[in-house]
Every structure is written in structure tokens, then in C-alpha cells.
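Notes follow once the structure below has been shown.
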Amino acid sequence: MALSNKEVRRIFITGLVLLLLFLSFLIVKTIALSIIGGLILAYIFVPVYKKVQKIINQRSISAGILCLIVLILIIVPLWILMPIMVTQIFKLFSLTQSIDFLQLFKTLFPTSQIEFQEKITTITIEFIGKLTSGIITYLISFLQNLPVVLLNLAVVLFVFFFTLRDREELSDFISGISPFKKEKESVLINRFKGITSAIIYGYVIVGAIQGLALGLGLLIFGIPNALTITLIGTLASMLPMVGPWFVWIPVTLVLIIGGNVGIAIGFAVYCALFVSTIDNILRPYIVSRKTGTSPVIVLIGMIGGLFVFNILGLILGPLILSYLILFLRAYKDGTISELFSSSE
């Protein structure tokens, strides 16, 4: 049976659209995370953009000012802190090489068998070696791939600028092509806002506050290599199932080994009562109040997303799982078809 001209045109247009989608995927896939990063950054700065726009009343100038601020916040710390951090990392590595871990574990576990003490000593030395080499390798890779990093940063800033400036048009366009019913679309958007706010404020911001509190303690007690320890502690505080204890407990042990028992006790008490309290009180409160999603889902999403999408996975992981759970609940209730607009 011969196809009509209308059917031939429909097949041709469908094939052309699929081809364009495939070619677009090949073009965008290498910078997809940079695009997503720019969108997330724009979401974070929308409240600031609104305030700047009220003062200046020019969308392009307001977005341009925020782009400049973000660029300064990224470039200046890296330019100033990177050389200091590299120097301090090598100092920390040299310090760990001089520690007698076997004697340390004999002191900590005096009643344990020698085999256990030797085993945990070997594990500790291997862990420190791999951690240090991993950090150094990452820094070297970062410097070697600096042109690629700068290109991705340019993509982030371009997406950030145009998303802020044209956010209303972009929102209308996405809403226009969305297959979801308007009331369900509103639910999804609110879920996105809730999870994004929870991750940013419950983990990133709280982790940054903990890192600053840890750094303050390092300065108060006069502990060397404070910058590198603070940066590591800040990153550890942002990660689920990890926290500032990942840093301050080893620092306390090193102080004890070095004979600075008084400083070690004071620093440990400060971190246990103040730094860790920030984490235990603020993070569960913010996450539970803002997401409406089980903390287990947030935790799994963050850990899995971190492995798949790196740092952006802290936001993307919980978001993807929350969308999936929404569809699964709709399927369980037999209402999944109600999510989508019906074509007349």
C-alpha cells in the first residue's frame, strides 16, 4: 500500500527531528554538566538578581554584574589559595611520614593483639598515601587541563547570564513544551525548589559554616597548615555520612603524638561541642523542613549522584530520585496518566 504525501512528510520530519536531537546530544554531552551547573547557579542567585534589577532596572546589566561577581568569587580564591594549599599539602604529607602509627595504635589499643595493631597501621599508612597522592594527582590534572576548565567555566557563566536575563521567557518556553498538566507541573517545580534549597542550605551552606568554625578553631589553637585542613574539613562537612570529625579527630591525634596534649584536648572539646553541634542541629532541621522527602532518599541520592555527576550530583541525585518516586507513587495509585496533558 503506497504512502500518501502527508504520511511521507510526517516520516521525513520525524526522522529529521530525531537526527537533530542525536546530533545535538553529541554536541552538548561533553559540556552538559557545565550547562546544568550554570542553571543551578542561576537558580541560587535569582533572589540577588531580583534585588539588583530593582535598583538598576536593566536585565542585561544586572545579569552582567552578577556574572562578574561570580567570576571574582571563583577566580580570586583559586589564584590566591592554590599555591598556599599545594605547599601545605606537601608539608602535611611530610608530617604524616614522620608519625610512628604503630606506637600510636599500641597506645590507643593497649589490650589488642599485635596483629591487629600492625594491620590497622598498614591500613592507615596506605589510606594516607592514597589520599595524598589522589589530591596531588587531582591538582596536577587540574593544572594540565586548565584550558578545558576555563572553557567549561565560560559555558557556566554564559548559561548563568542568559538564564538570569531571560528566565521569564525560558520558563514560559519550558512550560509550553512540558507534557505535564499544569497542576502536576507546579508540584514538580515545587519539589525541585524544595530539594535544591535543602541541598544548598542543608549541606553546602552548613558545611561551609562548619568549615569556617573548624578553621577558626585551628587559628585559635595555633595549629599549622590551617588553610588546607580547613578546606578539607569544609568538603568533608558537605558530604553525607562524613563530617568535620573526619578532620579534627586525626588532627587531635597528631597533636597528642607531638606532645601537645593540652592543645589537643582544648581543640577536641571545641570541635565536639561547637563544630559538630552545628551539623547535628541545623542540617537535619533544614533538610526535613524543606524537602518533604525521606532523609534516606536524600542521602542515597547524594551519595549516588556524587559518584555519577561529581559535585553536581549532590543536587541532581536527590532530584532524580524524587521525580522517580513521584512517578512510582502515581503508578501505584493508578493515576500516572493524570500527570500528562491529554491531547484533544
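Here, each number is a calculation from the coordinates, and none is a lab measurement. These numbers come from a predicted model, not from an experiment. Cβ sites come from the backbone with ideal geometry, for glycine too, and all protein chains shown count toward neighbours.
Considering only Cα-Cα distances, which of the following residue pairs are longer than 22 Å: LYS29/LYS130; LYS50/LYS193; LYS29/LYS193?
On the way: LYS29/LYS130 31 Å; LYS50/LYS193 17 Å; LYS29/LYS193 25 Å.
Listed pairs above 22 Å: LYS29/LYS130; LYS29/LYS193.
Add +1 for every Lys or Arg and -1 for every Asp or Glu among the other residues with Cβ under 13 Å from the Cβ of GLN113, and state the total.
Details: positive: LYS106, LYS119; negative: GLU115, GLU118.
Net charge around GLN113: 0.
Which ³J(HN,Hα) values in Hz, rounded to whole numbers, follow from the phi angles of segment 270-278 under the Karplus curve 6.51 cos²θ - 1.76 cosθ + 1.60, where θ = phi - 60° and Gly and Pro get x?
Listing the rounded values in order: 4, 5, 5, 8, 10, 5, 5, 5, 4 Hz.
Which residues' amide hydrogens lie under 5 Å from the amide hydrogen of PHE221, considering only partners 5 or more residues apart or on another chain, with H built in the peptide plane?
When sequence neighbours closer than 5 places are left aside, there are no close amide H contacts.
What's the local net charge at PHE162, with K and R +1, D and E -1, over the other residues with C-beta under 13 Å away? Walk me through the intermediate numbers first.
Details: positive: ARG59, ARG165, ARG167; negative: ASP166, GLU168, GLU169.
Neighbour charge sum, excluding PHE162 itself: 0.
Could you give me the ³J(HN,Hα) list for segment 125-131, computed from phi with Karplus coefficients 6.51, -1.76, 1.60 and θ = phi - 60°, whole Hz, x at Gly and Pro?
After applying 6.51 cos²θ - 1.76 cosθ + 1.60, I find 5, 5, 5, 4, x, 5, 5 Hz.
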